[in-house]
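Step one of this worksheet: look at the structure below.
The values are calculated or read from the model by the stated rules, or taken from the named source; none is laboratory data. All figures in this text were calculated on a predicted structure; none of them were measured in a lab. Cβ placement follows ideal geometry from the backbone for every residue including glycine, while neighbour counts extend to all protein chains displayed.
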Amino acid sequence: MSEKNNYTDANQSNTIECLNISEKRVGLFVTCLVNTMRPSVGFASITLLEQAGCTVEVPAAQSCCGQPAFNSGDDEGTRQIAYQVIEQFEEFDYVVLPSGSCASMIKKNFIEVFKEQPSWQARAQHLADRTHELLSFLVDVCNFKPNGVELDGTFTYHDSCSGYRSLNVYEQPREMLSTVKGLEHKPLNGHSECCGFGGTFCVKYSDISNAIVSEKVENVVAADADYLLGGDMGCLMNIAGKLNREGNQKITALHTAEVLAGLAPKIIGANDAS
Amino acid sequence: MQANKPENFTQNVTDALAQPDLKMIIRRTTDKAEAKRTDAIANFPEFEKARAQGQKVKDHTIKHMDHYLAEFEKNALAQGTIVHWASTAEEASKIVLDICREHKAKKVTRSKSMLGEEIGLTHAFDNSDIERIETDLAEHIIQLAGDPPSHIIWPAMHRSREDVVKLFREFHSDPTYSEEITDLVRSARRDLRTKFLTSDIGISGSNFLLADSGSSCTVTNEGNAELTITPPKVHIVTAGIEKLVPSMAHAIPLLRLLTRSATGADITQYITFHNGPKRKNDADGPEECHIVLVDNGRTKMLAEGMEEMLRCIRCGACMNHCVVYKHIGGHAYGSVYPGPMGSVLTPHLQSLEVANKQTHACTMNGRCEDVCPVNIPLPKLLRSLRAQSWQKKYEPLTNRFFVKFFGQLAKRPQLFQLFSSCGVIFMKIFSRNGWIKFMPFTSGWTKNRDLIEPETTTFMHQYKKLKNLKVMERKL
């Protein structure tokens, strides 16, 4: 990837602010959903982190954060995954994930499965302390303000549960999105209510999940916006998938990072073409 | 309505989701409860402080349970109360029935108590020759309907006003009244009043047991606990041992949390502290007072690291805010206690084998923990029960296989990447116009929603290519 960023050159005023950060190495954990389903979120994350003055590295040996195992109660399986996540990412100054739910897994849950292994628990805690969800990292740690992003239309925002409740992600995406020229916010009724995704829950209890996401879709449609934005691919895929099943092709679901990195027009264009 | 069984959870859920009005019926109660609680908390600036205090009181008492139980027994005995200990539900309900038989009781009045439901008192009476009269209005309705409770605060929330009119016209002494709620209440009041006065024994639950005075506190809005307890000659309290608090001063912050979290009210109409049988100069009150202290799995919870659940003050806020409860309702859980708190409790009251599915019926969204007035980490406790289920192999084989397979891949990143790349190619085969409507192995997803079409290759693949390109550019 490009060395350092163009952001510091283009915006002199931000150079000093970002200087400390630019000395920091960020390990990007793209997450399995972004890796397989939506790579553009990964590239958007790199763009934004570099604009914010970080040196971004993407360790090749990455897979999953371990949530399917953890939430299924498979502690040993979770540990097996956690060992390798810790080994891969502990060398970085910061570990950033474009997902509240995966970030929360590393931040809050790894230490739980190492209760009987103090040395691993210490390493898990060390990693947890430096792990961040992308959107909150950009604002809270990098003090980043997007510049020159444009997107015409209206958006409504779904707050993913892990990001919202466990990592206090709420203001940060809204604050950054407010700088996007031409983009207007439309409030979503029940913005912080679960969409019914819940990882393995949505396939295990598909019908309950369906009832929940149907209600979420009602609210999204009622918000009458062009875009549905959020910070977690799981929720976005769930809501967008239900919208499409119901024949609603008017609303486009995008990860907030895609909008902030200016990738939205390209994605929408590609969708239209297909 | 027959009570559902917890082991039939999957079928119960299917049945619940097939009821066309269920969502509306639940929502009219839970939405109101949510809004009222939000207002009450907004007008209670000390909420967080009270919450921390309440948690501390509960944790302290649970930690020193042996001490406070002994203190409570000593003080209750000194007041003239007869104290009974029951380690199981069966034992507890037998003790109550035996007391009733000893007094040759024909009629007993009961004020609402979930513990009473838990120990099976309702069935025990219905299978005896003693008439059971529920005096809480909602319990009265479900008794007439023959329903199990569907919520721990509003047990009849699944019944509409039209249902109630029908029931009252069928069972009440004078069914000539309008369908107005005030008239319905009047009718219930008239019929229940005569029963209060002719009851042989009054049975109540307890919201708090005060160790330093040996007394019991009840919280109601209808005054039915007071009318259940005072007129009959004998009063029986049934209470879980986790209801203990050191003193009245310790109960106060918990009372403030309880009423606001349950109904959004600053205080209920009645909060009464009952302190043993009638004394010499008392105008009224029972001549004999019993208290049955029930364990039924609670000390086992303490031993198994589930002590945080013993903080629960049964306010129902977790179910009012639970996205799953709101869609399937209380009956689907097949237990006295539904919703998040029920999914943690039922495995301990019955067994994890019969109630492990409920622990998985949760999206781990954390709202229940957010609103819990005593900070019970419900998602964490549910997950720890899932870990027990996993170890005991209660999980269906297909789920175990999927999770293990995925785990084996995840710990081998190279293989994981290869599998992801193959996955993308596989998904592409089934994609049409940007969406997948059907694909093998994903019916859980595609049954109800479409799957977005992935990009051409995985992120890692694209990223590596781009990186190599950059390296080449630099070399040139």
Subject >> Failed condition for A:Asn271, given (1) touching a helix residue (DSSP H, G or I) at 6+ places or on another chain (Cβ under 7 Å); (2) more than 26 Å from B:Asn12 (Cα to Cα); (3) assigned to a helix (DSSP H, G or I) >> reply: (1)
Subject >> Those residues of region B:39-51 which are loosely packed, with under 14 Cβ neighbours inside 10 Å and under 23 Å from the mean Cα position of the chain (by Cα), in sequence order >> reply: B:Asp39, B:Glu48
**OP:** Could you run through region A:87-99 and say how many residues are more than 9 Å from chain B (Cβ to nearest Cβ), surrounded by 19 or more Cβ atoms within 10 Å (Cβ to Cβ) and more than 25 Å from A:Asp159 (Cβ to Cβ)?
**Re:** 2
Subject >> In region B:42-69, the residues that are more than 30 Å from B:Asp295 (Cβ to Cβ) and assigned to a helix (DSSP H, G or I) >> reply: B:Ala42, B:Phe47, B:Glu48, B:Lys49
Original post:
Can you pull out the residues in region B:1-41 that are outside any helix (DSSP H, G or I) and of a type in the set (Gly, Ala, Ser)?
Top reply: B:Ala3
**OP:** Keeping to region B:187-220, report how many residues are closer than 16 Å to B:Leu137 by Cβ, part of a strand (DSSP E or B) and out of contact with any Gly (no Cβ under 9 Å at 6 or more places or on another chain).
**Re:** 2
Subject >> Where a residue in region B:434-462 is without any contact (Cβ under 8 Å) to a residue 60 or more places away in the chain and within 8 Å of another protein chain (Cβ to nearest Cβ) and its partner, wherever it lies, is part of a loop (DSSP other than H, G, I, E, B) and surrounded by fewer than 17 Cβ atoms within 10 Å (Cβ to Cβ), with Cβ under 6 Å and at least six apart >> reply: B:Gly434/A:Ser274; B:Asp450/B:Lys437; B:Glu453/B:Gly434
Original post:
Pick from A:Ile111, A:Ile81, A:Ile86, A:Ile106: which is without any contact (Cβ under 8 Å) to a residue 40 or more places away in the chain, closer than 22 Å to B:Phe416 by Cα, among the aliphatic types (A, V, I, L, M) and not assigned by TED's automatic domain parsing to the domain that holds A:Cys202?
Top reply: A:Ile81
Original post:
Looking at (1) surrounded by 16 or more Cβ atoms within 10 Å (Cβ to Cβ); (2) more than 9 Å from every other protein chain (Cβ to nearest Cβ), can you tell me which one B:Thr398 breaks?
Top reply: (1)
Subject >> Odd one out for B:Lys112 among (1) crowded, with 18+ Cβ neighbours inside 10 Å; (2) of a type in the set (Lys, Arg); (3) out of contact with any helix residue (DSSP H, G or I) (no Cβ under 6 Å at 6 or more places or on another chain) >> reply: (3)
**OP:** Kindly indicate whether B:Ala35 is outside the structural domain of B:Glu117 (by TED's automatic domain parsing), aliphatic (A, V, I, L, M) and more than 30 Å from B:Leu254 (Cα to Cα).
**Re:** no
Subject >> Members of region A:135-188 found to be among the hydroxyl-bearing types (Ser, Thr, Tyr) and part of a loop (DSSP other than H, G, I, E, B), listed by number >> reply: A:Ser160, A:Tyr170, A:Ser178, A:Thr179
**OP:** Mind telling me which of the residues A:Cys202, A:Cys194 ends up being hydrophobic (A, V, I, L, M, F, W, C), under 18 Å from the mean Cα position of the chain (by Cα) and at the interface with chain B (Cβ under 8 Å from one of its Cβ atoms)?
**Re:** A:Cys194
